[in-house]
1. I'd like to check which helices (runs of 4 or more DSSP H) are fully inside the stretch 216-325 and have at least 3 residues that are modelled with pLDDT of 80 or more and within 30 Å of F497 (Cα to Cα).
2. Go through (1) within 30 Å of V13 (Cα to Cα); (2) modelled with pLDDT under 75 and name the single condition N418 misses.
3. Which residue is surrounded by the fewest Cβ atoms within 10 Å (Cβ to Cβ), if the candidates are limited to the stretch 133-146 and must be in a helix (DSSP H, G or I) and either among the polar types (S, T, N, Q) or at pLDDT below 85 (or both)?
4. Does W107 satisfy being of a type in the set (A, V, I, L, M, F, W, C) and either surrounded by fewer than 18 Cβ atoms within 10 Å (Cβ to Cβ) or touching a His at 6+ places or on another chain (Cβ under 7 Å) (or both)?
5. How about the stretch 64-91: which of its residues are among the aliphatic types (A, V, I, L, M) and either in contact with a Pro (Cβ under 8 Å, 6 or more places away or on another chain) or buried (at least 22 other Cβ atoms within 10 Å of the Cβ) (or both)?
6. Kindly indicate whether G329 is of a type outside the set (A, V, I, L, M), assigned to a helix (DSSP H, G or I), modelled with pLDDT of 70 or more and farther than 28 Å from Q125 by Cα.
7. Scan the stretch 92-104 residue by residue and report those that are under 27 Å from N177 (Cβ atoms) and either surrounded by 21 or more Cβ atoms within 10 Å (Cβ to Cβ) or of a type in the set (D, E, K, R) (or both).
8. Just a yes or no: is a residue in the stretch 156-172 surrounded by fewer than 23 Cβ atoms within 10 Å (Cβ to Cβ), within 22 Å of the chain's Cα centre (by Cα) and not in a helix (DSSP H, G or I)?
Amino acid sequence: MPIFMNPFQKHDVSDFPDVYVPLAHATRNSSVVADHDKKLGIPSNSSVNDKAGEANVGGEYSANTLEGLRAEIDLDIAASGHDTAYDRKSKVINKAIMDIGMGSYQWQLFVLCGFGWLADNLVLQVVALTLPSLTSEFGVSSNNVRYTTCATFVGLCLGASFWGIGADLLGRRLAFNTTLFLAGVFGLAVGGGPSWVGTCGLFAALGFGVGGNLPVDGALFLEFLPSASQSLLTLLSVWWPLGQLLGSLIAWGFLSSYTCSPDLTSCDVSAPPCCSKADNWGWRYLNITVGAIIFSMFMARFFFFHLFESPKYLLSKGRQAEAVATVHGIAYKNKRKTWLSEEVLNAIGGDPAVVEYTKLSHTEIVKRTLGKFSKDRIAPLFATRRLGLMTCLIWLCWATIGMGYPLFNAFLPQYFQNVGKANTAPTPNSIVYRNYAITSIVGVPGSFIAAYTVDVKYIGRKYTIAIATLITGILLFCFTISSDSNYQLTFSSLEAFFQSTFHHSPSTTFVVKLMRTLPFK
């Protein structure tokens, strides 16, 4: 196997020998068979694979017959509300991936998608950690310098919106690699920021790149996951606190030693810079190092792992043969077999040479993407009073997380540095970034503990979210009571722990469980 993969390579089924097996002789996934029998009303003991290589004994509509597969797809189509050749073939591919199951390809993809989540939070931490140094070097007031964070979030919002739709138009593979490439390049460029305004512009460009990571990586990972393993999407959240930890440790090393004194009491921010560039290289070293790390992640994605293009995207572009080859490639990587072929797709969804609408136009793709926000999609969230209340509470939780997380974490270094400033000198840089690193370290176990407690009897997702949210709110209030640095370190660390507990794992899995109860897919 070559060390460097060809990231743009196209495939044919002949590239993956010995993975195809006819549907009649395929060993189907047991949960797929059980779901199939339940939907079609077949007795549970009549459709069991006794031996690999033998068809099921459930009759004409068993799981190992084309008629049975078509009947199951018909039921899925009726529930989804979309009935085109593309939709039918997409659902057939979902079944094929489910039968292949989890394997090395999905686990490698889990790590590479995790890089995106790690990079996202890593950038947020770097912006927060850079603010005091920008104040010192460029003579920007501690209030105005916070617009650096605003510029970054503007880039994040634009990036999330653009790449979320761009991945459907340009392809998952291109978006998956380009987001980290832009983040790495502009992360390196931030280290050479010529002025405060120029640095804000570079942070906005960095945000545009890294902002696409969560929507693109999450969607891509989900498309390659068997439906029985889709809860693993929530496990990606463990990479988030690791990004904060990595950023804080790097900052502790550079900003403690290569930064101007934080004592700006005699500095006139309207005058020339409070310190020279030569004395303030810490924040530049930090950004260059983080940019290099993110660019290394891009290199790992681009050259050392061959990402197959999404089969659903290939279908939408009319590249059916490549879509089938992609599924064969997954089976080959996982050392499994697959029954998927163009003949099966054509039998279920129609031959592309005869049936219309096998290929989606750019307009249709955008309409489908925006259709997720249509009244027909949102109305089921309020189908009952209880469901409507639950929906509003989840929206409220996510809204307050989105508001509270940057308001606290993005300015935490400034809070630490200005403790007691009215009466004493600002806290030394070594203490500020040490405390920030400790806070980050304490926050890491929260995600892992949440991943455990959501499945504990009598606790579950609901009480994990409720308890962690309540305690986080109390700790945030306690953080403001005293200006003692040790006191603030204690409560910021505890806050980070409980914030990580509800920030991603339980809230995301709670939403996933809720969506499974709704009358649409």
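1. Hits in the stretch 216-325: 239-255, 282-303.
2. Among (1) within 30 Å of V13 (Cα to Cα); (2) modelled with pLDDT under 75, N418 violates only (1).
3. That would be N144.
4. Numbers: of a type in the set (A, V, I, L, M, F, W, C): yes; either surrounded by fewer than 18 Cβ atoms within 10 Å (Cβ to Cβ) or touching a His at 6+ places or on another chain (Cβ under 7 Å) (or both): yes.
Here the answer is yes, as W107 does meet what is asked.
5. Quick first cut of the stretch 64-91, residues among the aliphatic types (A, V, I, L, M) only: 66, 69, 71, 73, 75, 77-79, 85.
If the condition is that a residue be among the aliphatic types (A, V, I, L, M) and either in contact with a Pro (Cβ under 8 Å, 6 or more places away or on another chain) or buried (at least 22 other Cβ atoms within 10 Å of the Cβ) (or both), then L69, A79, A85 are the ones that fit.
6. Against the criterion (of a type outside the set (A, V, I, L, M), assigned to a helix (DSSP H, G or I), modelled with pLDDT of 70 or more and farther than 28 Å from Q125 by Cα), G329 qualifies.
7. Of the residues in the stretch 92-104, the ones under 27 Å from N177 (Cβ atoms) are 93-94, 96-98, 100-104.
Answer for the stretch 92-104, where residues must be under 27 Å from N177 (Cβ atoms) and either surrounded by 21 or more Cβ atoms within 10 Å (Cβ to Cβ) or of a type in the set (D, E, K, R) (or both): I93, A96, I97, I100.
8. Among the residues of the stretch 156-172, at least one is surrounded by fewer than 23 Cβ atoms within 10 Å (Cβ to Cβ), within 22 Å of the chain's Cα centre (by Cα) and not in a helix (DSSP H, G or I), which makes the answer yes.
The values are calculated or read from the model by the stated rules, or taken from the named source; none is laboratory data. Treat the numbers as computed from the prediction; the structure is a model and nothing was measured. No Cβ is skipped: glycine too gets one built from the backbone with ideal geometry, and neighbour counts run over all protein chains shown.
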